[in-house]
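The block underneath contains the structure these notes are about, expressed in structure tokens.
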Amino acid sequence: MSKVIFAFATPPGRSGLAVLRISGDEALTVAARIFRRGRLPLSLQAPASGSAHDVDVAAGAGAVSAPKSALTPESALTPESALTLESALTPKSAYAPESVFTPPSAEIADLPGYRAVYGFVIHPTSGEVIDEAVLLCFRAPRSFTGEDMAEISVHGSGAVRRELIGACLAAGAEPAGPGEFSRRALLNGRLDLSQVEAVLDLIDSDSQQARRVALRQLAGQLSTRVKALRDSLIVLVARAELAGEYPEYAVGEDRFEWDDVAPELQNIYGQVQQLIDSYAAGRLIREGATVCLAGVPNAGKSALLNALVGIERSIVTDIPGTTRDTIDEWLHIADLAVRLTDTAGLRSVSDDDIENLGMERTRRTMAEADIVFWLLPADRPVNAAEIEPLRERANLQGVRVIPLISKSDLLTKQADLADFRRRWLDLWNAEFGELNEFGASVTSGGASAGETTACETTAGGTTVAGSADVGTTDFAGESEILACSAKTGAGLPELREALADLLGEMTRGGDTVDLISSERHLFSLKECREVLNELLAAGAGLPLDIITVLLNMAADALGEIIGATLSSDVLEHLFSNFCVGK
Amino acid sequence: MTEQDALVEKLRGMTGWPADFAATPYGAEPCDIAIVGAGHAGIEAALAVSKLGLRTTLFSLNLDSVGNMPCNPSIGGTAKGQLVREIDALGGAIGRLADAAAIQYRMLNATKGPAVRSPRAQIDRRLYQELAKHLLENTEGVHLRQAEIVAVLSEPVVRKSAADQPAKMPPSGAKTPEMPSSVEARYEVRGVLTRSGAWHPCRKVILATGTFMESRIITGEVSIDSGPDNLFPSHGLAASLAAHGLKLQRFKTGTPVRINARSIDFSRLEIQEGDAEQWTFSFVNEDNPEFCPKPTRDCYLTWTTDETAAIVRANLHRSPMFSGFIRGTGARYCPSIEDKIVRFPDKERHQIFVEPMGLGTEEYYLQGLSSSLPEDVQERLVRTLPGLERAVIQRSGYAIEYECLDPLQLESSLEVTDVRGLYGAGQINGTSGYEEAAGQGLIAGLNAARACRGLEPLVLGRDEAYLGVLIDDLVTRGTAEPYRMMTARAEYRLSLRQDNADRRLTPIGREYGLVNDADWARFVQRRDLLTAELERLRSTRILPSPERDRIFDQAGSTPPQGGISLAEALARPEIGLDELAQLDALIDKSVDATLAVPADASVSVSVDALVKLPSNLPSSQLSQLNPSQLNPSQSNSLQSNSSQSNSLQSNLPLPNLPSHLRRAAVIEIKYAGYIELEQRRIARFKKDERKRLPADINYGAIRGLRIEAQQKLAAVRPRSLGQAGRISGVSPADLAVLSVWLEMWNREQSSEQRTNTVSIPAPGGQNVELSRNSAGKNEAEVTNK
């Protein structure tokens, strides 16, 4: 008999919805103590706007975006406005039942699996109404954990969350330990290792593409592909082993010659590399892209952020816990979640310690970004000083840095603007290399050839940081540096389009090839690749025992992915990085 | 009631009593440990017991077959050679006996890398038997006795309330209290009974029955109850074991014909000579000027022909293997000639090795022609081989079936889980091979003796020895066919080399009382010499010179720009021992001073010394060794000697450095990178080995484990999570469940002390207080990301 555990499946913070999961043999009994079927009692609708719950419940049924009424911040139907903090915490304003303990709902306790019920959650002892909610019932073994489960969707406010936790505790459930839902899923044979991670991705992903990838991985395509590669390696291992084990018999066609196995190894190496390449695309799809707005102070970064976010206002969600001096906003572009970050302006020297701290943070943000827009304000001369901070690019490996002219409205004459762009283009090209087909210069950290090592942030194999060829393809001078105005909105659609193209290119292949999206898989694949690399580089000169051992190691590394050789290291890593309730 | 009647009544009441016992039991000589079988396992077991100062009676059906080699007249081979070196490093006898009886040495895979380099030798099997028997007869505490053991008698374990809890380990060296088994056994061994009625009470029994239990040999349609070489089989012992509830399995193996040398046309065979350079199995014989190898004999090679295949095919219906007459499970790696021809029809010909059986015999063994076809077919078959057209068979080939234990019933100590005090070693544990048997014998003997002394067993890790891999495989995965040691079974084979077996294991053997003072002193000397040589190779730099660069050029290696250390040079694949010698020759000879390594560095031990007691050095040798150096705790006196001298002339090649040590140093340097890589893998491996599983887990109660896994885990009772992961039938998912369970179990153990305060908010809706599982988290957020 497993105890009943509960946890929120959705990340902390304010959100449209929060989903609480309850799992265990008595999960539905617990749910029955805190859930009532039917519409909210009328007395509670007063503090909320009239049509609130109908709209919200529609949203709760699965829509990603908030209802239209949330468009204007002032009148937005946040959970707090539907059910204010005060009303939730103060019993006086809440529905007061006559009995002290509300009896459990037999209807809920006996609910069949895969049934959704609309209603509201209450505190089991006080009977106080917490929020309206939708309950989804799963019956063992057809649930995430393989146990009876209830999923209750409520509004995603801190107050509602806190109340619901209290209600669950009062109803006899216990907070889940770290990774406990996934552990139970494992315990009940619902998941293998690669599936556990795919489920994490499935839930984490907030875009359609990521969902497709996660679904495919869940169906075992990654496993299938890795297994096939491993099988090919095992064939070679066996041949090598034979040569060492039965030297007198490993003669003729059974002998082990390096030249016979090298082509097959090369082939396997290529496939492993392909899987590794898909990681970057997979990561972008899963985690979203980070786009950083940077430039010298007063380049117009904040205005641009506001302008870009304004367009996407309806689907913006703010993330709490941002630092004082960088601002994050989330956008949806090209089917991807994009985190847009505003940064403190960079300049070469400052005596102000606080400013230096802020600049340090900016540099870090840039280094961690996928794309950096470097703003070139139209009210400043075309001058190398404007791009001076970009010269220290050592930490910008693999980051695409794109010049962007801001405040273009200040150059009223087209000719002025065109001239400004051309002069910047020349200067930029002279400094960092040519622009590419995306109408933006894609530079990479330490762009000069041979200066950097190959970096993993490649997309579809088109761009490798450190390659001197980057950005020079098919560009006959017709592309221009992008220009926009946050004030007038000019150039913003083009900017969005360029960004969408770039992101599309960076995630190309993510839709069709198997993607690896977890660090664990990447680690194992890289380990395999390193070993194969060593083999291919030195193979002809290596003695048989080393070749055999390396082949074994390569196969082992792939085995790690599909759990064929499982060290509990992997599990430890998995569970400590696993978010409970997902 | 007479004393004898009382004894009979007592014995009849014990578990394992033979139903149809004819003799009248009488009380015979008691001992600490009875060993059943004086083959390669029994020999090592007896010697190990003796070294721990206990008394053993070693039973054999026939004293003229002590240490018999009923199959190949050879010792060693791939992975097996490594085992021999390991046993030798642990003070065992097989390597020394093999050296004393070897008539051809061949280092297999000599050019394929040190990890697969494996020593192998042809053995004069009669000489080997004589030496083995003589050694046992001269070993203090060993009583060699010809008798057939028909029963192991035991009594059910009386569970005392206190005994239900595993007792604390007694202080090491304590004599009386026995080591409690981690799992409560059902029976406890009391003694063994011979067919003639001798009751030998003892504290432990080691079964080393080889292929003799209920054995049957089959040639064609003819089957007789017999052990190998027409020796008597053992009847009844298997039933006695079954009466203990032990699970037996029936394995099959086979052997080829032996033919007379005078009927062989050697001119038509391909000759296979032994190695030109003399090496030895035993570390103690290495560079021992007194070691005197026997005269050598050549081996020969021939091939099967189309005619051979035709005869096999035409007579398949008469083969017991294909008619279903043989029930036992054979080994895939040791197929009979009929197997080979049926399973690989496209292979035109199969190799057959013609190997001498000894110096004092004309018998030759035909390796690769193992067969259980009828005798008349064998006669015709042999004569289809080129060179053997007129072959005269002296012994027919046959298949042999025998009973053995399912090794899953054993602990890692080789003790039978259910019967305390009963150990298995060798083929009874499902293995095949003299070397595999010898290794288990040594471990079983040591552990049985240690158990008598109340000491923990020696369990070698998979990262420490092939012997560790072997036993771990047996007790963890069991075996569905006779188990042969293979290089491929060792995950960490770069570290488990034959050349470093002493460095891996001799310190362990010394610690466990298996290595005598003289051998230990020799080991310390070897180790220190190697350390000095490694230090020299690392610190000696060779500056550029035309002579130096010529050496590199000739080796096909780009001459280095500046100076290069010898170690750096050796790290290049093109630079080997020869080049090292040339580079060494460049070093100024004018200061050639001899290091303080005595020319007679190796303390000589003749084969005779084998029969001496471990600590009983001949006086001539004692005079060469300062007694203080014999004490392991002061052994670094030798080390400081050599390193001191080394520091004086560190760049000079060490004179008298034995070639095997020079080679070992080169291996250490050339393989350093790969060995380091392997050490990292070993560190990872050990992490799970260290996660000990409680002995009393009720696997049936762990939800999520598949039934098969529950059964397998309950049967094996793995010591660690790592071992659990190696059990066949335990999937990665099962292991995940188990590791989750272990984590939860550990957490429960530790949280039992912790108070679980979860205060429920009052109806007024005050703050929720979550002190359980919420450390460091926002009280309102239980998602704990």
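Numbers below:
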read-out: Members of the stretch B:41-57 found to be among the charged types (D, E, K, R) and either open to solvent by 20 Å² or more (accessible area, probe 1.4 Å) or more than 14 Å from the chain's Cα centre (by Cα) (or both), listed by number; value: B:K51, B:R55
read-out: Members of the stretch B:713-732 that are farther than 16 Å from B:K247 by Cβ, touching a residue at least 24 places away in the same chain (Cβ under 8 Å) and not in a loop (DSSP other than H, G, I, E, B); value: B:L713, B:S720, B:L721, B:G722, B:Q723, B:A724, B:G725
read-out: Condition check for B:I682: open to solvent by less than 20 Å² (accessible area, probe 1.4 Å) and either facing chain A (nearest Cβ under 9 Å) or not in a helix (DSSP H, G or I) (or both); value: no
read-out: Hits in the stretch B:685-711 (condition: hydrophobic (A, V, I, L, M, F, W, C), touching a residue at least 12 places away in the same chain (Cβ under 8 Å) and part of a helix (DSSP H, G or I)); value: B:F685, B:A709
read-out: Of all residues making up the stretch A:251-271, the number that are part of a helix (DSSP H, G or I) and over 23 Å from A:C528 (Cβ atoms); value: 3
read-out: Candidate set: the stretch B:712-739, residues that are surrounded by 15 or more Cβ atoms within 10 Å (Cβ to Cβ) and touching a Phe, Trp or Tyr at 6+ places or on another chain (Cβ under 8 Å); chosen: the one farthest from the other protein chains (Cβ to nearest Cβ); value: B:L713
read-out: Total residues in the stretch B:253-286, condition aliphatic (A, V, I, L, M), assigned to a loop (DSSP other than H, G, I, E, B) and farther than 30 Å from B:E401 by Cα; value: 3
read-out: Strands (runs of 3 or more DSSP E) wholly inside the stretch B:28-101 that include at least 1 residues being in contact with a helix residue (DSSP H, G or I) (Cβ under 8 Å, 6 or more places away or on another chain) and closer than 30 Å to B:L366 by Cα; value: B:56-60, B:74-76
read-out: Of the criteria (1) assigned to a strand (DSSP E or B); (2) at pLDDT below 95, which one B:S370 fails; value: (1)
read-out: So A:E527, is it modelled with pLDDT of 85 or more and open to solvent by 40 Å² or more (accessible area, probe 1.4 Å); value: yes
read-out: Sole residue being of a type in the set (S, T, Y), crowded, with 24+ Cβ neighbours inside 10 Å, outside the structural domain of B:Q278 (by TED's automatic domain parsing) and within 27 Å of A:L242 (Cβ to Cβ), chosen from B:S60, B:S74; value: B:S74
read-out: Among residues of the stretch A:119-170, those that are within 11 Å of chain B (Cβ to nearest Cβ) and basic (K, R), counted; value: 2
read-out: A:A555, sole failed condition from (1) modelled with pLDDT of 50 or more; (2) surrounded by fewer than 20 Cβ atoms within 10 Å (Cβ to Cβ); value: (2)
read-out: Residue satisfying condition, being surrounded by fewer than 24 Cβ atoms within 10 Å (Cβ to Cβ) and at pLDDT 95 or above, within set B:L455, B:L505; value: B:L455
read-out: Any hit, the stretch A:270-280, residues being within 27 Å of the chain's Cα centre (by Cα), modelled with pLDDT under 80 and under 30 Å from A:K487 (Cβ atoms); value: no
read-out: Residue in the stretch B:685-711 that is surrounded by the fewest Cβ atoms within 10 Å (Cβ to Cβ), counting only those that are charged (D, E, K, R) and within 22 Å of the chain's Cα centre (by Cα); value: B:K686
read-out: Hits in the stretch A:117-155 (condition: under 16 Å from A:I34 (Cα atoms), without any contact (Cβ under 8 Å) to a residue 40 or more places away in the chain and surrounded by fewer than 22 Cβ atoms within 10 Å (Cβ to Cβ)); value: A:G127, A:L136
read-out: Residue match in the stretch B:405-413 (condition: open to solvent by 20 Å² or more (accessible area, probe 1.4 Å), assigned to a loop (DSSP other than H, G, I, E, B) and under 28 Å from B:R55 (Cα atoms)); value: yes
read-out: Checking B:V222 against (1) at pLDDT below 95; (2) under 24 Å from B:Y483 (Cβ atoms), the condition it does not meet; value: (2)
read-out: Within the stretch B:297-341, considering residues that are of a type in the set (S, T, Y) and within 18 Å of B:P482 (Cβ to Cβ), the one surrounded by the fewest Cβ atoms within 10 Å (Cβ to Cβ); value: B:Y333
read-out: From the options B:D346, B:D376, residue that is charged (D, E, K, R) and either open to solvent by less than 10 Å² (accessible area, probe 1.4 Å) or not in a loop (DSSP other than H, G, I, E, B) (or both); value: B:D376
read-out: Enumeration of residues in the stretch B:349-364 that are out of contact with any helix residue (DSSP H, G or I) (no Cβ under 9 Å at 6 or more places or on another chain) and open to solvent by less than 10 Å² (accessible area, probe 1.4 Å); value: B:E355
read-out: Matching residues, the stretch B:414-436, being open to solvent by less than 10 Å² (accessible area, probe 1.4 Å), outside any strand (DSSP E or B) and of a type in the set (G, A, S); value: B:G421, B:A425, B:G426, B:G430
read-out: Unmet criterion (only one of (1) within 14 Å of chain A (Cβ to nearest Cβ); (2) touching a helix residue (DSSP H, G or I) at 6+ places or on another chain (Cβ under 7 Å)) for B:I123; value: (1)
read-out: Condition broken by A:S194, with the remaining ones in (1) modelled with pLDDT of 65 or more; (2) within 11 Å of another protein chain (Cβ to nearest Cβ); (3) in a helix (DSSP H, G or I) satisfied; value: (1)
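The values are calculated or read from the model by the stated rules, or taken from the named source; none is laboratory data. All of these numbers come straight from a predicted model, not from anything done at the bench. Counting neighbours? That spans all protein chains shown, and the Cβs are built from the backbone with ideal geometry, glycine included. Protein only, heavy atoms only, side chains kept; ligands, DNA and RNA dropped before computing areas. Shrake-Rupley method; radii C 1.70, N 1.55, O 1.52, S 1.80 Å.
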